[in-house]
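K.L.:
Sharing a structure below in C-alpha cells format, with a few things to ask.
Just so it is clear, none of the values below were taken in a lab; they were calculated from the coordinates. Source: prediction; values computed, not measured. Cβ sites come from the backbone with ideal geometry, for glycine too, and all protein chains shown count toward neighbours.
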C-alpha cells in the first residue's frame, strides 16, 4: 500500500475532547474517526488491526469446538421480556412513532448482549442429551447506552464484541468447558501481547458463584483489582476478601486495570426463561446449563495502544500491526530520481515476498515522514535515502528502539520472513 493513497491522513493536532492515550494516538494516526461520544469509525488502518485481533480470537475459539454464527442486532421486545431485561438502563430502544403506536411488532432493543437471542435459537435444536454439549459464538457490534462513555475505545456506546455461549447437560460438563475457555483466553491474550490477570468478581443475577474477568494492569483502567504475582490470586474490588489469600504468604498488591474479557456460568436462568430442556439418558426432562464468555476486540485494540506506546506514538506488536514494514523514501534533493527508483524496487520486492508494507511515497519533509512513522507504530521502519544508496545498504529501525542498522536487501528480506 502506498501512503499517498491512504483514505485517511495523520494529524499533529490533539483532540480537546479526548484525554486517553489510545484515543489520541488512534485519531492522530488515522486509525479511527470520532462520530459522537463513545461512537467511532474504524478507518482502513484501524480495521486492519481489528481484523488481525479477530483472526487470533477465531483461531483459538474454533480450536475448542465452538461454531461461528451471526445474530441480529435488532432484537424484538418479546425476547427481552422473557428474560426480564427489557427495563435495563443500558438498552437502546426503537421508537415506534405516533403512526405505529398500536403496532407492538415495531418495538425492538438494540443488542447489548445476546443471551436472549441464542436461547431462542437453542430451544429449536436441543432436545436430547445427544444434542449436548454445544457452543456457538459471534463477533458482532454491540450497543450500550453508557451514561459517560470514556477513554476512547475502552468504554463506548457502540463496540465490537466476541460473545460465546455454551450449552451442557451437567454442571461438571460446564465446569470442564469453562476451563477450556480459560486456556483459550490465555492463548489469545498471549498472542496479542497482553499480560492478563484472572480475577474473581460477582455473578450478578446469573449465579452465586464467582465469575471471572481477564484484567490488564494499566493506569487507564477503570477497575481496581487486588492480586498476588506469586500464586495467581486476583479479585475485583467489589468482591475482595483478604482472607481468601490466607494460604499464600506473599503480599497482596492493588492497581488499576482494564477488563478485556469475562466469563460467566449462567446456569439455568435463560434455559428456564426460554424453555431450553433435554431428555437425559433415563428419559427425564432437565434444563440445559449454560455459560457465557466475552472478549471486546475494539476494547482490546484500545488496550494494546495503552500498553504499547511512548511519547511519540503507538508501538504495535507484530501480531496485530496494520503492516509489517513502513518503507520510508527520503528523496531530499535527489534530482535524478535514484532514491525513488530504489524505494519503488524494494517496495515491489517486499510485496512479491508477501510482506505487508506501507510505502511512504509522499512529497513531505524528512521530519514529517519520520514523525508519522513513529506515530503510526508499524514494527519495522525501513529507510531508503541518498545516504543508504551511497553505502549500498538499507536502514532498518525497530519501532521502540533507539538503534538503527544498515543492512543489505537480502538480510532485510531474511529478517522479515522469520
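K.L.:
Using alpha-carbon positions, what is the distance between the centroids of segment 314-376 and segment 242-290, in Å?
P.N.:
Taking the Cα centre of each part, segment 314-376 and segment 242-290 sit 49 Å apart.
K.L.:
Calculated from DSSP H runs of 4 or more alone, at -39500 (n - 2.57) each and per residue, what is the 222 nm mean residue ellipticity of the chain, nearest 500? Walk me through the numbers on the way to the answer.
P.N.:
Values: 11 runs with 123 residues, N = 418.
Computed ellipticity for the chain at 222 nm equals -9000 deg cm²/dmol.
K.L.:
Starting from the Cα-Cα distance between residue 349 and residue 239, subtract it from 0.36 nm times their residue separation and give me the gain in nm to one decimal.
P.N.:
34.0 nm
K.L.:
Out of 393, 124, 286, any idea which swings most in a Gaussian network model of the chain, alpha carbons joined below 10 Å?
P.N.:
124
K.L.:
Given just the C-alpha atoms of segment 269-358, how large is their convex hull per residue in cubic angstrom?
P.N.:
Hull volume normalised by residue count: 188 Å³.
K.L.:
Give me the percent relative contact order of the chain, please, defined on Cα pairs under 8 angstrom at least 6 residues apart.
P.N.:
It rounds to 16 percent for the chain.
K.L.:
Can you give me the distance in nm between label points at residue 229 and residue 389, each placed 7 Å from the Cα along the Cα-to-Cβ direction?
P.N.:
Distance between the two pseudo-spin positions: 5.1 nm.
K.L.:
By how many degrees, 0 to 90 and rounded to 10, does the Cα axis of helix 297-307 deviate from the longest principal axis of the chain?
P.N.:
Between helix and principal axis, roughly 50 degrees.
K.L.:
Could you give the alpha-carbon Rg of segment 1-88 over 2.2 N^0.38 Å, rounded to two decimals?
P.N.:
Relative to the rule-of-thumb radius for its length, segment 1-88 sits at 1.53.
K.L.:
Need one number: convex hull volume per residue for the chain, Cα atoms only, in Å³.
P.N.:
Each residue corresponds to 181 Å³ of Cα convex hull volume.
K.L.:
For residue 402 and residue 252 in the same chain, what is the full-extension length gain: residue separation times 0.36 nm, less their Cα-Cα distance, in nm?
P.N.:
Value of the extension gain: 50.4 nm.
K.L.:
Hey, can you rank 296-305, 29-38 by average C-beta count inside 10 Å, highest first?
P.N.:
Final packing ranking: 296-305, 29-38.
K.L.:
Further, regarding this structure: With a cut-off of 8 Å between alpha carbons and a minimum separation of six or more residues, what is the relative contact order of segment 145-297 in percent?
P.N.:
Here the relative contact order equals 29 percent.
K.L.:
Can I ask one more? If you build the convex hull over the alpha carbons only and average its shadow over all orientations, what do you get for segment 203-245? Give it in nm² to one decimal.
P.N.:
Here the figure is 3.7 nm², rounded to one decimal.
K.L.:
How much length is gained on full extension from residue 86 to residue 222, taking 0.36 nm per residue of separation minus their Cα-Cα distance?
P.N.:
Contour length minus Cα-Cα distance gives 46.3 nm.
K.L.:
Next question, about the same structure. In Å, what Rg and Dmax follow from the Cα atoms of segment 325-416?
P.N.:
12.1, 34
K.L.:
Return the whole-Å distance between the Cα centroid of segment 56-87 and the Cα centroid of segment 134-206.
P.N.:
So the two Cα centres are separated by 12 Å.
K.L.:
Which order do the peptides 111-119, 14-22 come out in when sorted by mean C-beta neighbours inside 10 angstrom, highest first?
P.N.:
Numbers: 111-119: 22.7, 14-22: 14.9.
Ranking the peptides 111-119, 14-22 by packing returns 111-119, 14-22.
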